[in-house]
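One structure below.
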Amino acid sequence: MAKVDVCIVGEINMDIILSGLPKELVLERELLATDASMTLGSSSAICAHNLGMLGSKVGFVSKIGNDPLGKMALERLAAGNVDVSQVKRSTSRTLTGLTVIMPHGQLRYIVTYPGTMFEMQFSDIDMGYVRAARHLHVSSFFLHRALRPRIVDLFRQAKDAGLSTSLDTNDDPENKWGRDLLEVLKYVDIFLPNDREAKKVTGTVDLSQALNVLAGLVKVVAVKRGSAASICRSGEEQWSVAPPANEHPVDVVGAGDTFNAGFLHMYLRGGNLEDCLTLANITAACSVTKEGGTEAFVNRSNMLAFVRQHWIATGRDAQKLGI
């Protein structure tokens, strides 16, 4: 029997969110924010936490520094019902990563210190633990500098062991979108990009073209599109599902990662792809009701009430949720 439903191999850090900044960010001036918060950050950790709170058994493989931020991030992840026994501590002086997010009108500045996320390598991973899972998920492909040359081996071994697999590349800070990703996609069952990432990966300018290319590379591609309808494609079949309406989202940080959590939770329960897309939209919509990627999931009863309400509103049976 699998030890966990989903093994997530990825990065972990804390997010500092500074709100209420001046309209102009002037150099060499001390600028004041009106509010600040610190939450669990990083694509992989947000997905793991929220997937665990949905009720899936999640194991997390990562690397942190020997510092207070790493300890805090690990504690918050463990509080999300995630097995953190496979998180290694760095023996170097490198610190746990940190992201500073500064909302600015409808846009935001994002500055990340990668820290130990650049250090984790293939030898840090217990492949016996990975192979004992039902599913492997990896996020932030381009941030895993030391691991990246062996990510294809990670996926290949997972597939050889009978696991299903998924990948969310997230953005490429260097905007190169290297071709080594295409080799990895040969071993990916579910690809979870957003609209921009789908086009960047395929070198296209139109989403329909990108979907046509990706449908020839992976079994399932599910594209996040913010407040627009998300799209899922498998072979020649395609589904489009609009998310719940929310005219005043509090914070979109982590919404895409929470989309992944909802999709994978339903997929591993044997749901059809339209159901997977529907739950992904609902969990992402729940995420944006609080500041930070995980805060809307900390109170599990409130989160489950939100999810059930919007799931039932689509005419679906609540028992399918398994929560």
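The values are calculated or read from the model by the stated rules, or taken from the named source; none is laboratory data. Bear in mind the structure is a predicted one, so any value in this text is a computation, not a measurement. With ideal geometry, Cβ positions are generated from the backbone for all residues, glycine too; neighbour counts draw on all protein chains shown.
Values computed for the structure shown
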| item | result |
| --- | --- |
| Residue within the range 102-112 that is surrounded by fewer than 20 Cβ atoms within 10 Å (Cβ to Cβ), modelled with pLDDT under 95, closer than 19 Å to residue 147 by Cα and touching a strand residue (DSSP E or B) at 6+ places or on another chain (Cβ under 8 Å) present | yes |
| Residue count, the range 209-239 (criterion: under 23 Å from residue 254 (Cβ atoms) and either acidic (Asp, Glu) or in a strand (DSSP E or B) (or both)) | 8 |
| The range 180-200 residues that are closer than 21 Å to residue 267 by Cα and assigned to a loop (DSSP other than H, G, I, E, B), paired with ones that are modelled with pLDDT of 95 or more and of a type in the set (Lys, Arg) (beta carbon under 6 Å, 6 or more apart) | 187/156; 187/159; 189/219 |
| Among the candidates 79, 48, residue that is farther than 17 Å from residue 112 by Cβ, modelled with pLDDT of 95 or more, surrounded by fewer than 18 Cβ atoms within 10 Å (Cβ to Cβ) and under 20 Å from the mean Cα position of the chain (by Cα) | 79 |
| Evaluation of residue 129 against (1) in contact with an Asp or Glu (Cβ under 7 Å, 6 or more places away or on another chain); (2) more than 21 Å from residue 224 (Cβ to Cβ) (one fails), failing number | (1) |
| Single unsatisfied condition, residue 292 versus (1) out of contact with any strand residue (DSSP E or B) (no Cβ under 7 Å at 6 or more places or on another chain); (2) on the phi > 0 side of the Ramachandran plot | (1) |
| Yes/no for residue 192 being surrounded by 16 or more Cβ atoms within 10 Å (Cβ to Cβ) and within 17 Å of the chain's Cα centre (by Cα) | yes |
| Which listed residue is at pLDDT 95 or above, under 15 Å from the mean Cα position of the chain (by Cα) and either among the charged types (D, E, K, R) or farther than 26 Å from residue 36 by Cβ (or both), from 221, 205 | 221 |
| Candidate set: the range 241-258, residues that are crowded, with 16+ Cβ neighbours inside 10 Å and among the acidic types (Asp, Glu); chosen: the one nearest to the chain's Cα centre (by Cα) | 257 |
| Residue among 284, 261, 296 that alone is under 20 Å from the mean Cα position of the chain (by Cα), assigned to a helix (DSSP H, G or I), free of Cβ contacts under 8 Å to residues at least 60 places away in the same chain and buried (at least 23 other Cβ atoms within 10 Å of the Cβ) | 296 |
| Test: residue in the range 51-70 that is over 19 Å from the mean Cα position of the chain (by Cα) and among the β-branched types (Val, Ile, Thr) | no |
| Residue in the range 22-43 that is within 19 Å of residue 126 (Cβ to Cβ), in a helix (DSSP H, G or I) and either touching a Lys or Arg at 6+ places or on another chain (Cβ under 6 Å) or modelled with pLDDT of 95 or more (or both) present | no |
| Residue within the range 15-27 that is free of Cβ contacts under 8 Å to residues at least 40 places away in the same chain, hydrophobic (A, V, I, L, M, F, W, C), surrounded by fewer than 24 Cβ atoms within 10 Å (Cβ to Cβ) and under 26 Å from residue 104 (Cβ atoms) present | yes |
